[in-house]
Amino acid sequence: MNYLITGTDTGVGKTFLTAGLLRFYRSRGIDIVAMKPICTGENHDVRQILDACDGCEPEYIINPVWYRTPVSPYTASLIEDRQIDLDAIRNAFARLAQRHAHVLVEGAGGIAAPIRADYDYRDLARQLKLNVLLVAANRLGVLNHVRLTVDSIRAAGLNCRLVALNTVQPESDMSQTTNFSVLEHLIDVPVVTVEYRQTEFSGLAGRLW
């Protein structure tokens with residue numbers, strides 16, 4: 001089973017979870033790899049993924065599209081006057097899916113972040129037949145963000161298998177202590193909590209397969 005790891009927004013911890021899941025599963029002998037199809041700006045996220053999968057695949061397959069401009073993928077493609085190569089992405093994924101049992105695909109921003117004017121990560125997930133793991137930052141406003149994103153995922157005919165509520169900063173408001181229990185009542189998707197930079201991923205990993 002393969003997953004798109006997307007977020008309710010940018011900076012919610014997608015790479016942290018992707019790399020953590022890679023290390024957890026691979027340490028247990030599971031043949032899994034991840035890719036970041038589109039990277040913009042510095043490629044720190046790509047480097048983390050490469051490290052987590054022990055360099056088992058070349059960087060150009062893990063990250064087939066890279067723009068130097070640190071904005072959204074579609075915006076970067078306009079600024080650099082270079083359309084995103086969807087065939088390169090699909091071919092890289094096909095190679096990984098053929099060579100490995102499981103593939104994680106890390107998105108950029110949220111599920112509706114545009115890749116082209118008429119194509120976003122919902123379209124990519126449908127074409128690659130990916131289930132969805134949604135990462136959300138545990139902070140004020142997350143209830144609205146999660147509900148809207150889950151609705152968007154389902155409207156696109158995709159399966160949101162899990163919501164990872166990630167505490168990306170120390171407790172700063174009352175919502176952080178209540179978001180998990182409230183989300184469990186508001187949505188019919190399993191929710192797990194994750195503490196940013198924690199090293200134990202068994203609880204999260206055990207819900208995906």
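The values are calculated or read from the model by the stated rules, or taken from the named source; none is laboratory data. What you are looking at is a predicted structure, and each value in this text was computed from that prediction instead of being measured. Here Cβ is always computed from backbone atoms with ideal geometry, including for glycine, and neighbour counts include all displayed protein chains.
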Restricting attention to the stretch 96-122, and to residues there that are surrounded by fewer than 16 Cβ atoms within 10 Å (Cβ to Cβ) and of a type in the set (Lys, Arg), which single residue is nearest to LYS14 (Cα to Cα)?
ARG116
Hits in the stretch 10-65 - residues which are over 23 Å from GLY109 (Cβ atoms) and in contact with a Phe, Trp or Tyr (Cβ under 6 Å, 6 or more places away or on another chain)
PHE24, ILE32
Can you tell me which residues in the stretch 164-186 are of a type in the set (A, V, I, L, M), surrounded by fewer than 17 Cβ atoms within 10 Å (Cβ to Cβ) and either under 13 Å from ASN144 (Cα atoms) or at pLDDT 95 or above (or both)?
VAL182, LEU186
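For the stretch 159-175, state whether one or more residues are on the phi > 0 side of the Ramachandran plot and assigned to a loop (DSSP other than H, G, I, E, B).
So in the stretch 159-175, the residues on the phi > 0 side of the Ramachandran plot come out as none.
Within the stretch 159-175, none of the residues are on the phi > 0 side of the Ramachandran plot and assigned to a loop (DSSP other than H, G, I, E, B).
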Give the stretch 105-163 a look and list any residue that's over 28 Å from ASP173 (Cβ atoms) and of a type in the set (A, V, I, L, M), or say none.
VAL105, ILE115, ALA117, LEU124, ALA125, LEU128, LEU130, ALA155, ALA156, LEU158
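For the stretch 58-109, which residues satisfy the criterion of being assigned to a loop (DSSP other than H, G, I, E, B), free of Cβ contacts under 8 Å to residues at least 60 places away in the same chain and within 19 Å of the chain's Cα centre (by Cα)?
First, pick out the residues of the stretch 58-109 that are assigned to a loop (DSSP other than H, G, I, E, B): 58, 63-64, 68-72, 80-85, 100-101.
Imposing the further condition that a residue be free of Cβ contacts under 8 Å to residues at least 60 places away in the same chain reduces the set to 58, 63-64, 68-72, 80-85.
If the condition is that a residue be assigned to a loop (DSSP other than H, G, I, E, B), free of Cβ contacts under 8 Å to residues at least 60 places away in the same chain and within 19 Å of the chain's Cα centre (by Cα), then ASN63, PRO64, PRO70, VAL71, SER72, ILE84 are the ones that fit.
Check whether at least one residue in the stretch 34-45 is part of a loop (DSSP other than H, G, I, E, B), buried (at least 22 other Cβ atoms within 10 Å of the Cβ) and either at pLDDT 95 or above or more than 16 Å from the chain's Cα centre (by Cα) (or both), and report yes or no.
Taking the stretch 34-45 first, the residues part of a loop (DSSP other than H, G, I, E, B) are 36-37, 41-43.
After this cut, where a residue has to be buried (at least 22 other Cβ atoms within 10 Å of the Cβ) as well, the list is 36-37.
Going one step further and asking which of them are either at pLDDT 95 or above or more than 16 Å from the chain's Cα centre (by Cα) (or both), we end up with 36-37.
The answer is yes, given that some residue of the stretch 34-45 is part of a loop (DSSP other than H, G, I, E, B), buried (at least 22 other Cβ atoms within 10 Å of the Cβ) and either at pLDDT 95 or above or more than 16 Å from the chain's Cα centre (by Cα) (or both).
Restricting to the stretch 187-209, give me the number of residues that are hydroxyl-bearing (Ser, Thr, Tyr) and either at pLDDT 95 or above or loosely packed, with under 15 Cβ neighbours inside 10 Å (or both). Break it down stepwise before answering.
Here is the first cut: in the stretch 187-209, the ones hydroxyl-bearing (Ser, Thr, Tyr) are 193, 196, 199, 202.
From the residues that got through so far, the ones that are either at pLDDT 95 or above or loosely packed, with under 15 Cβ neighbours inside 10 Å (or both) too are 199, 202.
The qualifying residues number 2.
For every residue, the table says whether it meets (1) closer than 26 Å to GLY206 by Cβ; (2) polar (S, T, N, Q).
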{"position": "ASN2", "(1), (2)": "yes, yes"}
{"position": "THR6", "(1), (2)": "yes, yes"}
{"position": "LEU21", "(1), (2)": "yes, no"}
{"position": "TYR25", "(1), (2)": "yes, no"}
{"position": "ILE32", "(1), (2)": "yes, no"}
{"position": "MET35", "(1), (2)": "yes, no"}
{"position": "VAL46", "(1), (2)": "no, no"}
{"position": "GLU59", "(1), (2)": "no, no"}
{"position": "ALA76", "(1), (2)": "no, no"}
Which residue, of ALA155, ALA125, is free of Cβ contacts under 8 Å to residues at least 24 places away in the same chain and either buried (at least 23 other Cβ atoms within 10 Å of the Cβ) or not aromatic (Phe, Trp, Tyr) (or both)?
ALA155
